[in-house]
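Heads up: the structure comes next, in structure tokens.
The values are calculated or read from the model by the stated rules, or taken from the named source; none is laboratory data. Predicted model, so just to flag it, every value in this text is computed and none were measured. Cβ placement follows ideal geometry from the backbone for every residue including glycine, while neighbour counts extend to all protein chains displayed.
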């Protein structure tokens, strides 16, 4: 935060406010006589510089409130930047009421379109989980490469579905088709949060690098041991 504080302090001369007794007269004088163009520009430049700082700084500094809280909320996923205990020993439990279906059957069980990455071929397995009272499932997972690559899809407008705990340097803003996305580099703890808001600790596992993005109200999680460039390529190839 030291760099951000220094940059904002450098802007302070542009934001100088005169003392209250002389403020009214100066404002009236400026309204009556337009200021030269070079003087008017300084009042546009200050907020522009602040906006640029927020736009270009990494999320740890741009999202100040999130950085202070140590928690970043994005597209139905909570990313906690504070370290967390290791997942429970042993294999994690499946998500609530998880079952394996064909791609066509899974599409009938969810309320959003299931899209497949071009070039990966048909998914080797399709899983749906966490149904509501009508049987509509909250999450669908497409599995590729013998389970080493998985694509989760869920309604991104719902309450948090996944809770990730990572070290802050491991999160990075990227773009998928021009929209904001989050890249989580390296392994991190992953826990499922069910429909009632209960964190399912028994499902906790150590996840691989993950790309998270939202499109048309659907959130996608692409997880696997792959570089960022390849993950972005897969994300832009959904059809």
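Do we have any residue at all in the range 144-157 that's touching a strand residue (DSSP E or B) at 6+ places or on another chain (Cβ under 9 Å), within 16 Å of residue 73 (Cβ to Cβ) and loosely packed, with under 15 Cβ neighbours inside 10 Å? Don't jump to the end; show me each part of the working.
Residues of the range 144-157 touching a strand residue (DSSP E or B) at 6+ places or on another chain (Cβ under 9 Å): 144-145, 147-157.
The next check asks that each one be within 16 Å of residue 73 (Cβ to Cβ); those that pass are 154-157.
This time we only want the ones that are loosely packed, with under 15 Cβ neighbours inside 10 Å, so: 157.
Within the range 144-157, one or more residues are touching a strand residue (DSSP E or B) at 6+ places or on another chain (Cβ under 9 Å), within 16 Å of residue 73 (Cβ to Cβ) and loosely packed, with under 15 Cβ neighbours inside 10 Å.
Evaluate the following for residue 181: is it in contact (Cβ under 8 Å) with a residue 60 or more places away in the chain, in contact with a strand residue (DSSP E or B) (Cβ under 6 Å, 6 or more places away or on another chain) and buried (at least 21 other Cβ atoms within 10 Å of the Cβ)? Here the answer is no, as residue 181 does not meet what is asked. In the set (1) within 14 Å of residue 77 (Cβ to Cβ); (2) without any contact (Cβ under 8 Å) to a residue 60 or more places away in the chain, residue 231 fails one condition alone, (1).
Number of residues in the range 186-228 that are more than 15 Å from residue 77 (Cα to Cα), part of a loop (DSSP other than H, G, I, E, B) and either at pLDDT 90 or above or not assigned by TED's automatic domain parsing to the domain that holds residue 155 (or both) equals 4.
Would you mind stating whether residue 173 is touching a helix residue (DSSP H, G or I) at 6+ places or on another chain (Cβ under 8 Å), buried (at least 21 other Cβ atoms within 10 Å of the Cβ), assigned to a strand (DSSP E or B) and assigned by TED's automatic domain parsing to the domain that holds residue 138?
Details: touching a helix residue (DSSP H, G or I) at 6+ places or on another chain (Cβ under 8 Å): yes; buried (at least 21 other Cβ atoms within 10 Å of the Cβ): no; assigned to a strand (DSSP E or B): yes; assigned by TED's automatic domain parsing to the domain that holds residue 138: yes.
Spelling it out, it is not the case that residue 173 is touching a helix residue (DSSP H, G or I) at 6+ places or on another chain (Cβ under 8 Å), buried (at least 21 other Cβ atoms within 10 Å of the Cβ), assigned to a strand (DSSP E or B) and assigned by TED's automatic domain parsing to the domain that holds residue 138.
No other residue among 92, 113, 96 is within 21 Å of residue 232 (Cα to Cα) and in a loop (DSSP other than H, G, I, E, B) apart from 113. Scanning the range 209-239 for residues that are more than 24 Å from residue 111 (Cα to Cα) and within 16 Å of the chain's Cα centre (by Cα) turns up 209, 228, 231, 232.
Screening the candidates 161, 128, 116, 139 for the property of being in contact with a helix residue (DSSP H, G or I) (Cβ under 9 Å, 6 or more places away or on another chain) and surrounded by 21 or more Cβ atoms within 10 Å (Cβ to Cβ) yields one hit, 128.
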